[in-house]
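So the structure is just underneath, and the comments pick up after that.
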Amino acid sequence: MALQDKVVLITGATGALGRVVARAFAETGARLALTARQKQTLDELAAALSLPAERVLTFPADLTVAREVAALMEAVAARWGGVDILLNLTGGWRGGNRLAELSEEEWEATLEMNLHSAFLINRAVLPYMASRGWGRIINIASRAAVEPAARQAAYNVAKAGLVALTASIAAEYRRQGIAANAIMPSIIDTPQNRAQMPDADFSRWVKPEALAALMLYLCSEEGGQLNGAAIPVYGRL
């Protein structure tokens, strides 16, 4: 699929899913803006993609901090004028306690990592997309958004909020050519998840390549017909 010269911002780009997604989109002719917290790992990823310098930008940022999100967007806009596609992969699981034992600090940190960061980066890209009359936003939520599990209340709430945030964007910006969708995976087959659950049947988990393929479709002209969806991708769990 060709996304020639479209500007694709990938957050959480150096994670296991992010690396697979970056490789998939590198083959489309798009320009890639890659962000995560560590500059060294971003530069290593950019080198591994073997893209011409004019097609890749790395910018380390903590997306829970508004001024760092603003600096990221300024850098992308200075280079390419704005953003066409946001692939928001930032987030992470936190849990282990029942609600009565859950500290305010853990609650707030989980929502900040999974929901507040999404609010900041989604808000930041929308003016650029609206001015161009075209845009694609994909937020990675979780099965927990619709099937909350025990001992992860903050995570459940954060991912449900991310689904609602995505639907709100779709409702508000659909007439400006912007399609926003959330993908809700179950357990993703990553080295970290395998290490944490060594006795699991990995063949039943969601493959990062399957998620990357779905993102490619959602970013296509045909995929733009789907807007405001929360798409379950559960593998065989």
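Things to note:
- Taking the criterion of being part of a strand (DSSP E or B) and within 20 Å of G91 (Cα to Cα), the residues of the range 117-150 that qualify are R136, I137, I138, N139, I140.
- Qualifying residue in the range 100-116 (condition: over 12 Å from L165 (Cβ atoms), touching a Ser or Thr at 6+ places or on another chain (Cβ under 8 Å) and of a type in the set (D, E)): yes
- Here I183 clears all of (1) closer than 24 Å to A61 by Cα; (2) touching a helix residue (DSSP H, G or I) at 6+ places or on another chain (Cβ under 6 Å); (3) outside any helix (DSSP H, G or I) except the condition numbered (2).
- One residue stands out among those in the range 73-114 that are among the small types (G, A, S) and outside any loop (DSSP other than H, G, I, E, B): the one that is surrounded by the fewest Cβ atoms within 10 Å (Cβ to Cβ), which is A100.
- Restricting A16, A46, A2, A26 to those that are aliphatic (A, V, I, L, M), under 20 Å from A212 (Cβ atoms) and touching a Gly at 6+ places or on another chain (Cβ under 6 Å) reduces the list to A2.
- Hey, V20 at pLDDT 95 or above, touching a helix residue (DSSP H, G or I) at 6+ places or on another chain (Cβ under 9 Å) and more than 21 Å from A71 (Cβ to Cβ) or not: yes
- Residues that are touching an Asp or Glu at 6+ places or on another chain (Cβ under 9 Å) and surrounded by 24 or more Cβ atoms within 10 Å (Cβ to Cβ) were ranked within the range 126-153; the one that is nearest to E104 (Cα to Cα) is R136.
The rows are residues; the columns are (1) of a type in the set (D, E, K, R); (2) surrounded by 21 or more Cβ atoms within 10 Å (Cβ to Cβ); (3) on the phi > 0 side of the Ramachandran plot.
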residue	(1), (2), (3)
A16	no, no, no
L34	no, yes, no
D43	yes, no, no
E54	yes, no, no
A71	no, no, no
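- First in the range 202-218 and without any contact (Cβ under 8 Å) to a residue 60 or more places away in the chain, second anywhere and buried (at least 17 other Cβ atoms within 10 Å of the Cβ) and β-branched (V, I, T), Cβ under 6 Å, 6 or more apart: W205/I187; V206/I188
- Hey, R98 touching a residue at least 60 places away in the same chain (Cβ under 8 Å), touching a helix residue (DSSP H, G or I) at 6+ places or on another chain (Cβ under 9 Å) and over 28 Å from A2 (Cα atoms) or not: no
- Test: residue in the range 84-102 that is small (G, A, S) and within 25 Å of L218 (Cα to Cα): yes
- Pair list, Cβ < 6 Å and 6+ apart or interchain, from the range 169-186 residues that are on the phi > 0 side of the Ramachandran plot to residues that are outside any strand (DSSP E or B): G177/G133; G177/W134
- Residues satisfying the stated conditions in the range 59-83, i.e. touching a helix residue (DSSP H, G or I) at 6+ places or on another chain (Cβ under 7 Å) and in contact (Cβ under 8 Å) with a residue 60 or more places away in the chain: G82, V83
- Only one of the listed residues (S103, S117, S131) is polar (S, T, N, Q) and under 13 Å from the mean Cα position of the chain (by Cα). That residue is S117.
- Among the candidates I178, I121, I138, I183, the residue that is over 21 Å from G81 (Cα atoms), of a type in the set (V, I, T) and modelled with pLDDT of 95 or more is uniquely I183.
The values are calculated or read from the model by the stated rules, or taken from the named source; none is laboratory data. In this text, all values refer to a predicted model and were calculated from it rather than measured experimentally. As a convention, Cβ positions derive from the backbone with ideal geometry for all residues, glycine included, and neighbour counts pool all protein chains shown.
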